[in-house]
Amino acid sequence: MKLAYYPGCSLCGTAREYNISTIKVSEKLGIELEEIPDWSCCGATSAHTSSPLLGVALPARNLAIAEEMGLDVAAPCAACYHNLSAARVKMDRDHLLRKRIEEIIDRKYRGKVKVLPLAEVILSRVGLDAVRDSLVHPLAGLKMAAYYGCLMVRPKGIVDFDDPENPTKLDQIMEAAGGEMVDWSHKTECCGASLSLTGTELCVDLVGRILERAAEEGAECIVTACPFCQANLDMRQAEAATKLKTDFRLPVLYFTQLLGIALGLPAGELGLDSHVVDPRPLLREKGLI
Amino acid sequence: MLNLQATIGAGREFTDEINHEAGTDINRCYQCGTCSGGCPLFYAMDIGPRQVMRLLQTGLGEEALRARSIWICATCDTCTVRCPREINVAGVMEALRIQARRRGYRIPAAVRKVRILTDLFLGSVRRSGRIFELGLVQGMKMRTGELLKDVGMGIPMLLKGKLSLRPHRIRGRAEIERIYRKVQEMEGGSR
């Protein structure tokens with residue numbers, strides 16, 4: 001199975017371990033990823049909150065190139081998935097908008113390709129049975145909280161990955177990998193990552209609330225599919241803990257890193273050394289690495 | 001005598017414009033407050049989303065253009081998915097932010113950084129085609145004067161290879177520049 005790969009800017013920088021683990025896990029599961037040639041930024045939050053046209057045009061350029069490749073798009077980053085999907089839906093709904101965007105990007109766009117988050121590729125195109133069949137080190141005894149955040153699940157109609165209030169798809173994948181999922185309240189509460197640099201004190205509050213709830217439910221780590229959530233919950237964790245006069249030490253991992261371990265990929269190839277809250281002591285304690 | 005009719009008329013036009021941009025109908029709002037109740041940042045807002053809806057309904061929507069809230073909104077869309085009247089509440093907040101920009105409204109000092117980051121981000125993408133994370137953080141430091149903010153975090157990230165020292169420039173930079181220019185032309189020179 002071949003897909004056009006849209007890593008996005010974060011996966012080439014702060015979320016490099018998501019990129020590395022995505023590529024390795026995909027190889028292992030028989031997903032062939034062909035990078036979209038010369039892809040450009042999806043515009044993140046900045047484009048669509050400043051200009052409605054730029055917010056569609058930036059992702060549309062990448063969709064148009066993927067269409068030339070004749071492949072559906074796999075986008076591991078929650079923000080990229082959201083923006084590519086939103087642009088696609090908006091152009092589908094509004095023929096005139098599509099024409100204007102074609103004029104802006106000076107490329108043909110017919111709306112032929114689908115945009116899938118990597119988790120969806122694994123669920124619907126690989127299948128959980130295939131994941132179970134490939135397990136080498138099931139994540140037995142590892143209690144984790146799946147954290148979805150905003151961009152993958154909201155709003156319905158713009159994205160259609162999972163339920164906006166109680167998503168379960170990351171839980172399903174991690175359960176298939178042998179993990180023990182906690183049932184918790186803050187799966188989709190916003191972590192405020194977009195305010196990390198501009199309203200840090202607000203963002204620290206939101207991070208604290210999420211980590212507090214995960215810890216209360218007995219989670220030993222958090223698993224996510226969003227580079228902004230990961231960075232925020234990991235890097236602002238110490239500040240949040242200080243503010244709440246506690247100590248969380250909750251590693252925040254990409255689901256692909258843990259899935260990689262379960263599939264028997266060498267721990268050294270999954271970027272486990274690039275987190276602020278080091279996940280390795282926990283993984284060693286559980287005998288997983 | 002004050003001509004309230006004219007004010008309300010102009011306000012209604014503004015509401016129509018916001019409705020159009022957000023692809024929604026604010027008049028459906030029955031003020032239940034689910035949006036404000038579920039908003040993770042309501043506690044930091046001056047006027048919450050429910051109040052914003054009411055201002056727009058009564059033709060006083062331009063008041064909201066001065067609010068901190070439209071810049072604090074993280075566009076998390078919780079309000080939108082929970083609205084029992086299916087109003088695109090987050091889309092309205094976004095449309096207001098865009099209007100505040102277009103009309104040159106002064107941004108409240110407390111949220112000035114949101115605007116700075118957005119401009120730096122869009123500038124970086126315009127120049128390189130992709131975002132240059134380290135450049136963005138440096139730019140924020142220069143523009144806000146907070147030179148030491150998060151330094152303790154930046155150094156380990158550099159050492160872990162999570163921050164590239166140079167921007168990655170795509171080949172199609174001229175194409176990106178053309179996209180920006182055309183958008184500016186179509187949106188009337190604003191961005």
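The values are calculated or read from the model by the stated rules, or taken from the named source; none is laboratory data. As the structure is a prediction and not an experimental result, all values here were calculated from the model. Backbone-built Cβ (ideal geometry, glycine too); neighbour counts: all protein chains shown.
Checked against (1) within 14 Å of chain B (Cβ to nearest Cβ); (2) surrounded by 22 or more Cβ atoms within 10 Å (Cβ to Cβ), A:Arg280 passes all but condition (2). Consider A:Leu244 carefully, then state whether it is of a type in the set (A, V, I, L, M, F, W, C), modelled with pLDDT of 95 or more and closer than 16 Å to A:Lys143 by Cα. So A:Leu244 does not fit the description; no.
The lone criterion from (1) buried (at least 19 other Cβ atoms within 10 Å of the Cβ); (2) more than 23 Å from B:Pro40 (Cβ to Cβ); (3) within 14 Å of chain B (Cβ to nearest Cβ) left unmet by A:Gly192 is number (2).
So for the stretch A:31-45 (the condition being within 13 Å of another protein chain (Cβ to nearest Cβ) and assigned to a helix (DSSP H, G or I)), does at least one residue qualify?
Restricting attention to the stretch A:31-45, the residues satisfying the condition of being within 13 Å of another protein chain (Cβ to nearest Cβ) are A:35-45.
Then keep just the ones that are assigned to a helix (DSSP H, G or I); that gives A:44-45.
Yes - at least one qualifying residue is present in the stretch A:31-45.
Within the group A:Ala145, A:Ala79, which residue is part of a strand (DSSP E or B) and either touching a Lys or Arg at 6+ places or on another chain (Cβ under 9 Å) or not acidic (Asp, Glu) (or both)?
Numbers: A:Ala79 fails: part of a strand (DSSP E or B).
Residue meeting the stated conditions: A:Ala145.
Within the stretch A:200-210, being facing chain B (nearest Cβ under 8 Å) and surrounded by 24 or more Cβ atoms within 10 Å (Cβ to Cβ) holds for one residue alone: A:Leu206. Being out of contact with any Leu (no Cβ under 8 Å at 6 or more places or on another chain) and in contact (Cβ under 8 Å) with a residue 60 or more places away in the chain is a property that does not hold for B:Ile116.
Taken together, A:Leu71, A:Leu58 contain a single residue that is hydrophobic (A, V, I, L, M, F, W, C) and in contact with a Ser or Thr (Cβ under 8 Å, 6 or more places away or on another chain), which is A:Leu58. Those residues that are surrounded by 11 or more Cβ atoms within 10 Å (Cβ to Cβ) and free of Cβ contacts under 8 Å to residues at least 12 places away in the same chain, I need them from the stretch B:159-174; list them, please. Result: B:Lys160, B:Gly161, B:Lys162. Restrict the check to the stretch A:132-150 and report whether at least one residue is among the basic types (Lys, Arg), within 12 Å of chain B (Cβ to nearest Cβ) and surrounded by fewer than 16 Cβ atoms within 10 Å (Cβ to Cβ). Checked the stretch A:132-150: no residue is among the basic types (Lys, Arg), within 12 Å of chain B (Cβ to nearest Cβ) and surrounded by fewer than 16 Cβ atoms within 10 Å (Cβ to Cβ). Does B:Pro40 satisfy the condition of being touching a Gly at 6+ places or on another chain (Cβ under 9 Å), modelled with pLDDT of 95 or more and outside any helix (DSSP H, G or I)? Yes: the conditions hold for B:Pro40.
When A:Glu175, A:Glu216, A:Glu239 are checked against the criterion of being away from chain B (no Cβ under 14 Å) and more than 18 Å from the chain's Cα centre (by Cα), A:Glu216 stands alone in meeting it.
Of all residues in the stretch A:243-271, those that are within 17 Å of A:Phe228 (Cβ to Cβ) have Cβ atoms under 7 Å from Cβ atoms of residues that are at pLDDT 95 or above and of a type in the set (Phe, Trp, Tyr), 6 or more apart or on another chain, in A:Tyr254/A:Tyr18; A:Thr256/A:Tyr18. Among the residues of the stretch A:151-167, is any more than 14 Å from every other protein chain (Cβ to nearest Cβ) and buried (at least 22 other Cβ atoms within 10 Å of the Cβ)? Among the residues of the stretch A:151-167, not one is more than 14 Å from every other protein chain (Cβ to nearest Cβ) and buried (at least 22 other Cβ atoms within 10 Å of the Cβ), which makes the answer no. Those helices (runs of 4 or more DSSP H) of the stretch B:72-157 in which 2 or more residues are under 30 Å from B:Ile47 (Cα atoms) and more than 9 Å from chain A (Cβ to nearest Cβ) occupy B:89-102, B:133-144.
Remark: A:Leu96 falls outside the filter, which requires a residue to be without any contact (Cβ under 8 Å) to a residue 60 or more places away in the chain, assigned to a strand (DSSP E or B) and away from chain B (no Cβ under 11 Å). None of A:Ala241, A:Ala231 is surrounded by 19 or more Cβ atoms within 10 Å (Cβ to Cβ), assigned to a helix (DSSP H, G or I), in contact with a Phe, Trp or Tyr (Cβ under 6 Å, 6 or more places away or on another chain) and not basic (Lys, Arg) except A:Ala241.
Among the residues of this structure, B:Gly129 counts as one that is buried (at least 24 other Cβ atoms within 10 Å of the Cβ), under 30 Å from B:Arg166 (Cβ atoms) and either among the small types (Gly, Ala, Ser) or touching a Gly at 6+ places or on another chain (Cβ under 8 Å) (or both).
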